[in-house]
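Following: one structure in structure tokens, then a few remarks.
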Amino acid sequence: MSELKVPTMAEMMASGQQPDVLFWVGCAGSFDDRAKKITRAFVKILNKAGINFAVLGTEESCTGDPAKRAGNEFLFQMQAMGNIQVLNAYEIKKIVTTCPHCFNTLKNEYPELGGDYQVKHHSQFLQELINEGKLTVEGGTFKGKKITFHDPCYLGRANDVYEAPRELVEKLDAELVEMKRCKSKGLCCGAGGAQMFKEAEKGDKEVNIERTEEAMETKPDIIATGCPFCMTMMTDGVKIKEKETEVKVYDLAEMIAEANDL
Amino acid sequence: MNISIIAFAVLILVSLGLFAKNVKTIIRNINLGKDLDRGDNKGGRFKLMAKVAMGQSKMQARPVVGILHFIVYAGFVIINIEVLEIVLDGLLGTHRLFSPLGSLYTFLISTFEVLALLVLVSCVIFLIRRNIIRLKRFLSPEMTGWPKTDANLILITEVLLMTAFLLMNVVDAQLQSIGAEHYTQVGPFAISGMFEGMFSGLSESSLVAFERGLWWFHIIGIFAFLNYLPYSKHFHILLAFPNVFYSKLTPKGQLTNMEAVKKEVELMFDPNADPYAAPPEPVGEPERFGAKDVQDLTWKQLMDAYTCTECGRCTDVCPANITGKELSPRKILMDTRDRLEEVGKGIDKNGKDHDDGKSLLGDYIKEEELLACTSCNACTEACPVNNDPLSVIVDLRRYLIMEESKAPAEWTGMLTNIENNGAPWQFAQADRLKWKDEE
């Protein structure tokens, strides 16, 4: 196991350095076992590309997204103001995050509260690294694989990012297959709006099953996504359908890292 | 002055007056909503209105019905030029006032006839879709009763009006061919010309009676339809334009930051604030957090409700609805409109401060519906008139949580975790970097 280089802002500050970009890990990326793999994969890429980045580490706190979507605006703004104080104290200008919910909140809802940053989703960031020549990707294990991309609502419809993730899939020399409902018409995985943190309301089906079935119709080898919550929902869906040996669910960062033997 | 001119003038005055009165009531009701500034970026807003309202760009997401709808819309707008002639004829006692235009007149009326036929066919297809093919989204629970009748009434009225217009020209042509007095020779038109001789057996007097009957039926029908609009979902033909103009222009994922909350949170974060200072005297009524009733929503959310034409594209793409949950974004806006109408009638009857003890939340919309939303924005993306049912859902959720402390137990736990340890799960903030050393 190669050692990950993960400097914190506090360490950077102590040695008088300033990173080019802050990696906002998010709660899922910090604590959820599956999402932590995405976090590590993304850091491996950052290390390999020699990016001067840092994390907040223990100074990071929930952006407040689930509180806001559940309706608790007080708690959201408390979280936001606290985070903004930390970010502004460190004079952060650029942020990259692997979570579309953090991405949306930091990018769209923090500016009015005094936190103005250039925020990118990791799919956009990775695409830029490739375009700038800082990262090369060859298909490797993904060459010729059938990959379908599930659009996270907070990346796609919420912020109109549809192309960056798809270009990454194509960089892997894989065959990108689209689901019936994709891009602006993409179907939610069922986790948004704080649904992740409660049982679904009464109905006749779980949303993630509906979405997984739709993904299965494309006969994919891999379901790709760019959100830790979509990851949970789609992975669960594939398991319930008993397809986990044939169909894998990966985050974009994991595929780029693996293609680079990281 | 002859009696029919007087009758016609009275008809116009009464129907325009009544229409203006009902529109004023709707504007009054919309203004019961809270302030919201949507006056920025006028240029961008005009462009959006040209594209989405006039160009119906979002209707074209479903091309077949999109084109049919465009035909009805364009037909409706263009055929109204003919209504101008009909109104002037009625007021001046003339017949085919614009006929001196000669071949241009023939061309214009022929165009209107072709459009009228296309509108007629489209409306018949729409009726078939609703009543024979029975598309799923027209059968939802909120679509029984008046909404269903309303939709059919609109379509049937349009079919009748178009039929009357075409038939009138067929009879008129017959009257021209027998050289009846007053019936200007204008020659055959594109569609009515095909039915030449259909009424050749009728006497001149019955033909005149028939033609006049159709003429009056058509124009009374138009004014009746105008006055039907304020009672109907069909009001969207007017409100679609301002409603799209005042659309939310920020990214779909961005929710508003509540100003009232901001003031309090800023105070808590202000190191210079005196924690023991007496709170400033509240000015006016304390503001309610979130929305319980229609007056707690903004005027734009209320305009959304009046603009909704119940097409159900939102509900059709809603993940909660697709999977059998109670939520239907269409119902959220229909409920908002119905409740607003109820509040408006209460004000008309009992004055402005009247309280009927009912509210949008509870009496119309249940918690279960609100809790099913994933905030995925599929509904706002699908709406052809840029309505935002999600914003209403969020405002109602805000009231539930912040005013009533009502949340599912799991949410209460999640919120407590965020408050205590900065994550929705029960993990210590000190462990936030542990992922670095795991593999």
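A search for C-beta distances below 6 Å between a residue of the range B:399-422 that is buried (at least 16 other Cβ atoms within 10 Å of the Cβ) and any residue that is of a type in the set (S, T, Y), counting only pairs 6+ apart in sequence or on different chains, returns B:G422/A:S61.
Is there a residue in the range B:244-264 that is more than 34 Å from the chain's Cα centre (by Cα) and either within 14 Å of another protein chain (Cβ to nearest Cβ) or assigned to a loop (DSSP other than H, G, I, E, B) (or both)? Yes, the conditions are met somewhere in the range B:244-264. Taking the criterion of being without any contact (Cβ under 8 Å) to a residue 60 or more places away in the chain, of a type in the set (D, E, K, R) and either in the same structural domain as A:T235 (by TED's automatic domain parsing) or closer than 29 Å to B:E264 by Cα (or both), would at least one residue in the range A:49-59 satisfy it? There is at least one residue in the range A:49-59 that is without any contact (Cβ under 8 Å) to a residue 60 or more places away in the chain, of a type in the set (D, E, K, R) and either in the same structural domain as A:T235 (by TED's automatic domain parsing) or closer than 29 Å to B:E264 by Cα (or both). Kindly check whether there is at least one residue in the range A:116-124 that is assigned to a loop (DSSP other than H, G, I, E, B), surrounded by 22 or more Cβ atoms within 10 Å (Cβ to Cβ) and either in contact (Cβ under 8 Å) with a residue 24 or more places away in the chain or touching a Ser or Thr at 6+ places or on another chain (Cβ under 6 Å) (or both). No, the conditions are met nowhere in the range A:116-124. For the range A:186-200, the count of residues that are in the same structural domain as A:V238 (by TED's automatic domain parsing), surrounded by fewer than 19 Cβ atoms within 10 Å (Cβ to Cβ) and part of a strand (DSSP E or B) is zero.
Annotation: B:K366 fulfils all but one of (1) basic (K, R); (2) under 30 Å from A:R181 (Cα atoms); (3) buried (at least 21 other Cβ atoms within 10 Å of the Cβ); the unmet one is (3).
So, B:D355, is that one assigned by TED's automatic domain parsing to the domain that holds B:A407, in contact (Cβ under 8 Å) with a residue 24 or more places away in the chain and farther than 17 Å from A:G193 by Cβ or not? Here the answer is no, as B:D355 does not meet what is asked. Working only within the range B:303-330, note down all residues that are within 14 Å of chain A (Cβ to nearest Cβ), in a helix (DSSP H, G or I) and of a type in the set (A, V, I, L, M). Across the range B:303-330, the qualifying residues are B:V317, B:A320, B:I322. Annotation note: of B:S328, B:S391, B:S359, B:S375, the sole residue that is at positive phi, among the hydroxyl-bearing types (S, T, Y) and modelled with pLDDT of 95 or more is B:S375. Among the residues examined, B:T336 does not qualify as hydroxyl-bearing (S, T, Y) and within 14 Å of chain A (Cβ to nearest Cβ). Restricting attention to the range B:352-383, the residues that are out of contact with any Leu (no Cβ under 9 Å at 6 or more places or on another chain), among the hydroxyl-bearing types (S, T, Y) and within 14 Å of chain A (Cβ to nearest Cβ) total 1. Residues in the range B:317-332 include at least one that is touching a residue at least 60 places away in the same chain (Cβ under 8 Å) and in contact with a strand residue (DSSP E or B) (Cβ under 9 Å, 6 or more places away or on another chain). Under the condition of being under 12 Å from B:E113 (Cβ atoms) and part of a helix (DSSP H, G or I), the residues counted in the range B:164-222 number 12.
Looking at this structure, is A:A174 more than 15 Å from A:H121 (Cβ to Cβ), at the interface with chain B (Cβ under 8 Å from one of its Cβ atoms) and aliphatic (A, V, I, L, M)? Judged against the criteria, A:A174 is not a match. Considering only residues in the range A:201-225 that are buried (at least 24 other Cβ atoms within 10 Å of the Cβ) and within 12 Å of A:C189 (Cα to Cα), the one that is nearest to the other protein chains (Cβ to nearest Cβ) turns out to be A:V207. Out of the residues in the range A:226-245 meeting the condition of being over 19 Å from the mean Cα position of the chain (by Cα) and in a loop (DSSP other than H, G, I, E, B), tell me which one is farthest from the other protein chains (Cβ to nearest Cβ). For the range A:226-245, the residue satisfying everything is A:T245. Of all residues in the range B:99-126, those that are more than 11 Å from B:V186 (Cβ to Cβ) have Cβ atoms under 8 Å from Cβ atoms of residues that are among the aromatic types (F, W, Y) and surrounded by fewer than 17 Cβ atoms within 10 Å (Cβ to Cβ), 6 or more apart or on another chain, in B:V119/B:F76. Would you call B:L390 within 8 Å of chain A (Cβ to nearest Cβ) and assigned to a helix (DSSP H, G or I)? Against the criterion (within 8 Å of chain A (Cβ to nearest Cβ) and assigned to a helix (DSSP H, G or I)), B:L390 does not qualify.
The values are calculated or read from the model by the stated rules, or taken from the named source; none is laboratory data. Everything numeric in this text was worked out from a predicted model, so none of it was measured. All Cβ positions, glycine included, derive from the backbone under ideal geometry; neighbour counts span all protein chains shown.
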